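Worksheet: the structure to be examined is printed underneath.
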Amino acid sequence: MTEDTILGSQVTLFSTVILLLVGGLLAWVSESLHRHAPKVIAIVTQIIALYIILGWYPASIPIEDLVSSSQWWAFYQQDWIPRFGIQLLFAVDGLSWLLLILTVLLGIICVIISWTEITKRSGFFHFNLLWTVAGIIGVFTALDLFLFFAFWEIMLIPMYFLIAIWGHENRGYAALKFFLFTQISGLLMLISIVVLAILYQQQFGVFSFNYFDLLKLNIPLDLATWVCLGFLIAFMVKLPALPFHTWLPDAHTEAPTAGSVILAAVLLKTGAYGIIRFVLPIFPEVIPLIAPTVMMIGAVGVIYGAILAFAQTDLKRLVAYTSVSHMGFVLLGVFALNERAMQGAVMQLFAHGFSTAALFILVGGLQERLHTRDMRKMGGFWQLAPKLAVATLFFAIASLGLPGLGNFVAELLVLIGSFPVDPVATIIASIGLVLAAVYSLTMAQRVLFGDVPDYLKSNTKGKFFLPDLYPREKWVMFSMAIALIWLGLFPQPVFHLSQNAVNQVLSAATNAKTTDIASTSFLIQGAGL
């Protein structure tokens, strides 16, 4: 990274979060000026943020050479609370950069798809949306663990309001359940973070929440196991994984469309990111002890989520349970602790973001048109709204892992990489591919084909009628379909971008730390420390 690039990243890395927070405030107060002002401000703010994030990419380095370059593309460090060693410490590498791009792109899409759905308190809605996006960006870039926890909380509170105010019939219950699960698990993570800081003070004489400092810790195995579990449970709740998943179907079902998109496509990814970034490198002695159990939890989650998805009649609840199933592949791939499986898990985060977001958008569009999510009241939409039907079928088969699309690449790599490590868990998870085909094609059959329900002709003089995709919906569906096709046919750029981060995490996770501080020099040098 050149000196000019480092200086530019120092200016823009922290200011990107500030930009989104200020943009949220402007969107809130602008509602009195014009009813569309909050939407315009939300889109413009995120476009500027996207432009800044794209600027962090080291364009001077060929993409195939990124693995041999510095891990960190952008870096910002400033004392915040020096007495306790708390810093404003942000950094971006290929893994976090990919997730940042996904976050902002879907944030923009959320504004577009909510253009007509959100009619009350539009300013406050877009305030909460932008603050959620800001919190997520902070989570993906913060490398001071106290700062990381602060952003972890920032993204939860506005999401609570998105569900509680603009959600559906049982929004209060769903919002409270989401908040309690995430807050209680967040408290476990906070305790674990404080324990690490105290241990650092005991070993080095000063407090520190700095990620690079905490990598130097030597923690007794018994204590390390408990601290690791505090982090792991917090991240598994957010993922979500069994048995911490029960908040997710209610939150997804009751949230507005934009809330469901952000929740499923981005917010869940913070749990996987936390495991990859913090759990694996900081607790290498514990990981071999818990990996078989976590891999089995992931494999069972694949089956469990698929079976419950098949059992649903509420279309939105069906899509929600598919996330439980798909995130099981992420757990399986991450704890296989090899590059192939880990890269598959990373690709799953990215591909699932697009495919599930698209399904929630389509479900939201159907609910807006039909005022129901009950699949028993649907059918025959292929002949009534062919563009909507084609989009629904495409993203349904993307979700089941059709070859040529990003989801297939992700799940195939996870299974190939995890089989030598745990054949039983891999075989169990592979059954989930069959079940995914069952629930996806059953959903398509019930919604798109068969007889058209009689109520669709009640107000149209005996003619069946269902509005097809609107122009803004067409462009959103088209762009997300292109993204999944590109990920399926040309996945190598994603692997190049994330390979450095994956290699560094695996190197740290598979080598037990010693008192030799130089054992983490590869990370510290990459950060320019």
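Structural remarks
- Size descriptor for region 324-415, Kirkwood hydrodynamic radius: 14.3 Å (Cα pairs only, one decimal).
- For region 357-396: rounded, prolate or oblate by the Cα gyration tensor [a/c cutoff 1.5]: oblate
- Cubic angstrom per residue, convex hull over Cα atoms of region 164-229: 102 Å³
- When peptides 250-261, 431-442 are sorted by average Cβ neighbour count within 10 Å, with the highest value leading, the order is 250-261, 431-442.
- Translational D in µm²/s for region 52-162 (Stokes-Einstein at 25 °C, 0.890 mPa s, Kirkwood Rh from C-alpha pairs): 156 µm²/s
- Of the DSSP H helices in the chain, those whose Cα atoms cover at least 30 Å axially and whose Kyte score averages -1.0 or more: 3-29, 145-166, 171-204, 287-310, 339-370, 423-448
- With a simple spin-label model that places each label point 7 Å from the Cα along the Cα-to-Cβ direction, the separation between Val424 and Ile191 comes to 3.1 nm.
- Long pairs among Lys177/Lys377; Lys316/Lys387; Lys177/Lys316; Lys177/Lys269; Lys39/Lys120; Lys120/Lys377, criterion Cα-Cα beyond 24 Å: Lys177/Lys377; Lys120/Lys377
- When peptides 229-239, 124-134 are sorted by average Cβ neighbour count within 10 Å, with the highest value leading, the order is 124-134, 229-239.
- For Ile81, the residues whose modelled amide H falls within less than 5 Å of its own, excluding neighbours fewer than 5 places apart on the same chain, are Ile86, Gln87.
- A simple packing score, the average count of other Cβ atoms within 10 Å per residue, orders the peptides 33-39, 219-225 as 33-39, 219-225, with the highest score first.
- Less than 5 angstrom separates the built amide H of Met378 from none of the residues sequence-distant by 5 or more or on a different chain.
- DSSP-defined beta bridges in the chain - what % are antiparallel, rounded to 5: 100 percent
- Compactness of the chain as Cα Rg over 2.2 N^0.38 Å, two decimals: 0.95
- Overall form of region 238-302 per C-alpha gyration tensor (a/c, 1.5; a/b vs b/c): oblate
- Summed over qualifying helices (DSSP H, 4 residues or more, each -39500 (n - 2.57)) and divided by its residue number, the chain shows a 222 nm mean residue ellipticity of -23000 deg cm²/dmol.
- In the context of the full set of protein chains, residues of the chain present 37 Å² of accessible surface per residue (probe radius 1.4 Å, heavy atoms only).
- Against the rule of thumb 2.2 N^0.38 Å, how large the Cα Rg of region 217-349 comes out: 1.07
- Computed over region 374-424, the convex hull of the alpha-carbon atoms projects to a mean area of 5.4 nm².
- Translational D in µm²/s for region 366-511 (Stokes-Einstein at 25 °C, 0.890 mPa s, Kirkwood Rh from C-alpha pairs): 136 µm²/s
- For the chain, the carbon plus sulfur part of the accessible surface works out to 68%, probe radius 1.4 Å.
The values are calculated or read from the model by the stated rules, or taken from the named source; none is laboratory data. This structure is a prediction, so every number in the text was calculated from the model and none was measured. Glycine also receives a Cβ, built like all others from the backbone with ideal geometry; neighbour counts cover every protein chain displayed. Protein only, heavy atoms only, side chains kept; ligands, DNA and RNA dropped before computing areas. Shrake-Rupley method; radii C 1.70, N 1.55, O 1.52, S 1.80 Å.
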